[in-house]
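Structure first, commentary second.
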Amino acid sequence: MHVYIVYAHPSQHSFNRDVLETFIRGLSEAGHSYEIGDLYGMNFQPVMDNEQYHREVGLDPLAPVPEDVWAEQQKINRADALAFIYPVWWSDCPAILKGWFDRVLTYGYAYFYDENENRFTQIDIKKALVICSAGHTVEHLEEIGIAESMRRIMLNDRLLGVGVKEARMVILGGMMPEDDRYRVENLDRVYKLGRNF
């Protein structure tokens, strides 16, 4: 499969960078190809401006989209699968990735309606994998309901709701600063996720 990896972390020297490299190693060893969209590295503009806002609420599926949005949509179109790698900040993804969803999943591409109000999409992705690192343990995030909240928003709304056939989230918990107790275990899990993708 060809996988488009959307990566969102500002530091070149982070656990998330190690996650990205480990996941890629697993993918490559399994024979998959990939493309990386490093949102910080490419200085992706996450803020929807007034012009794009009016394009979206105009509900014209044929209205042109901004060039950077079109480029991201082409990356999705080339892919069989998607992967997202990012840290959990305030119970969600970083703002730059939220902005990617806001701007890239446009009306006429991610969703549109016919005259009978039936919903359609142009996205045809077999599966998506969300890998996010969190300071709290997975057990704690499950206990307080944050893990379920993250899954509902990221998987149900942002992925399964726009044409992705299958989506899964893996939380790499326990990644507190200066605490490497879970590092090796989490990276081993990431390698296997790539190898068995």
The percentage of the accessible area of the chain (probe 1.4 Å, all protein chains present) made up of carbon and sulfur atoms, to the nearest whole number, is 50 percent
Cβ-Cβ cut-off under 10 Å around PHE101, Lys and Arg +1, Asp and Glu -1: the net charge is +1
Computed over the range 98-143, the distribution of all Cα-Cα distances in 10 Å bins, rounded to whole %, is 19, 32, 26, 19, 4
So, with points 7 Å from each Cα along the Cβ direction, the ASP188-ARG168 label distance in nm works out to 1.8 nm
Counting only protein heavy atoms and rolling a 1.4 Å probe, one gets per residue an accessible area for the range 7-133 in Å² of 50 Å²
Long-range share for the range 65-197, i.e. C-alpha pairs more than 22 Å apart as a percent of all pairs, stands at 43 percent
In whole Å, largest first, the alpha carbons of the range 1-141 cover along the principal axes 46, 34, 31
Across 5 Å bins beginning at 0, the whole-percent shares of Cα-Cα pair distances in the range 1-50 come to 5, 19, 24, 21, 16, 9, 4, 2, 1
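The values are calculated or read from the model by the stated rules, or taken from the named source; none is laboratory data. This one's a predicted model, so the numbers in the text were calculated from it and none came from an experiment. Glycine also receives a Cβ, built like all others from the backbone with ideal geometry; neighbour counts cover every protein chain displayed. What goes into the accessible areas is simple: the full protein's heavy atoms, side chains included, and nothing from ligands, DNA or RNA. Shrake-Rupley method; radii C 1.70, N 1.55, O 1.52, S 1.80 Å.
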